[in-house]
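Engineer: This is the structure I have questions about; it appears just below.
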Amino acid sequence: MTQKDMCCQETHVHNDVVHNVLDHLENEEILFDVAELFKIFGDSTRIRILSSLTQAELCVCDICSVLNMNKSAVSHQLRILRQSKLVKNRRSGKEVYYSLADDHVLQIINIAIEHVKE
């Protein structure tokens, strides 16, 4: 497909459609936050952590073992995921266990994997 095939040949704005879209479009602040969320998903290590957490609640050492990474690197990524409200943690004695923050995160991961597999 050429550049010419991808653009309108004439300038004609469909005002009714444009107004309808504008009426239903989320505000800029929400869309900015969505873009920031997708940046978090843009790191393969974080995706691997999230994918692992779709299977089970894991302690930091378990995640390190699954990913074959050191504790410092995993902890750094977990901190980012926690700050982004994608994972939650709980302490049990000297261990800290991580899980997905809610079902929305699980849905996002599953939908993304399904999309890539198509």
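Engineer: State yes or no: is Ala35 out of contact with any helix residue (DSSP H, G or I) (no Cβ under 9 Å at 6 or more places or on another chain), of a type in the set (A, V, I, L, M, F, W, C) and at pLDDT 95 or above?
Structural biologist: Considered against the rule, which asks whether it is out of contact with any helix residue (DSSP H, G or I) (no Cβ under 9 Å at 6 or more places or on another chain), of a type in the set (A, V, I, L, M, F, W, C) and at pLDDT 95 or above, Ala35 comes out as yes.
Engineer: Only one of these conditions is not met by Leu81: (1) over 24 Å from Asn110 (Cα atoms); (2) modelled with pLDDT of 95 or more. Which number is it?
Structural biologist: Every listed condition holds for Leu81 apart from (1).
Engineer: Moving on to the next point. Condition first: touching a Cys at 6+ places or on another chain (Cβ under 9 Å) and either modelled with pLDDT under 95 or not polar (S, T, N, Q) (or both). Now tell me which residues in the stretch 38-71 satisfy that. Explain how you work it out, then say what you get.
Structural biologist: Going residue by residue through the stretch 38-71, those that are touching a Cys at 6+ places or on another chain (Cβ under 9 Å) are 70-71.
The one that is touching a Cys at 6+ places or on another chain (Cβ under 9 Å) and either modelled with pLDDT under 95 or not polar (S, T, N, Q) (or both): Lys71.
Engineer: Among what's in the stretch 94-106 and is under 17 Å from Arg46 (Cβ atoms) and not hydrophobic (A, V, I, L, M, F, W, C), pick the residue that is surrounded by the most Cβ atoms within 10 Å (Cβ to Cβ).
Structural biologist: Tyr98
Engineer: Also, quick follow-up: Quick one: which helices (runs of 4 or more DSSP H) lie wholly within the stretch 1-93 and hold at least 2 residues that are within 19 Å of the chain's Cα centre (by Cα) and surrounded by 10 or more Cβ atoms within 10 Å (Cβ to Cβ)?
Structural biologist: Here the list reads 28-41, 44-53, 60-67, 71-83.
Engineer: Taking Asn89 and the conditions (1) touching a strand residue (DSSP E or B) at 6+ places or on another chain (Cβ under 7 Å); (2) under 21 Å from Ile113 (Cα atoms), which numbered condition does it fall short on, given that it satisfies the others?
Structural biologist: (2)
The values are calculated or read from the model by the stated rules, or taken from the named source; none is laboratory data. Given the structure is predicted, the values throughout are model-derived calculations rather than measurements. Cβ coordinates were reconstructed from backbone atoms using ideal geometry, including for glycine residues, and neighbour counts include every protein chain displayed.
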